[in-house]
Amino acid sequence: MAPRFTLRNLRGDQESLENYRGQVVVLNFWATWCAPCRVEMPSFEKLYRRYRSEGV
């Protein structure tokens, strides 16, 4: 279980994790300068393609 927090989405709007209560949410915090983060990105893309029809 994650703590309460809000972040800005890619459109600049505030998003609250509470808006997704009861849903599966995958959070990945990364940076372009983080080599291991960049290596794992294809795995997250594969995960997205597999489960996007289920709203993940």
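The values are calculated or read from the model by the stated rules, or taken from the named source; none is laboratory data. Small disclaimer: the values here were computed from a predicted structure and weren't measured. A quick note on method: Cβ atoms are made from the backbone with ideal geometry, for glycine too, and the neighbour counts reach across all protein chains shown.
Quick notes on this structure:
- Under the condition of being modelled with pLDDT of 90 or more and not in a loop (DSSP other than H, G, I, E, B), the residues counted in the range 19-51 number 17.
- Inside the range 2-18, residues that are part of a loop (DSSP other than H, G, I, E, B) and closer than 17 Å to Phe29 by Cβ make up a count of 6.
- Look at the range 31-56: where a residue is loosely packed, with under 11 Cβ neighbours inside 10 Å and a partner is in a helix (DSSP H, G or I), sitting 6+ places away or on another chain with Cβ atoms under 8 Å, you get Ala31/Cys37; Thr32/Arg38.
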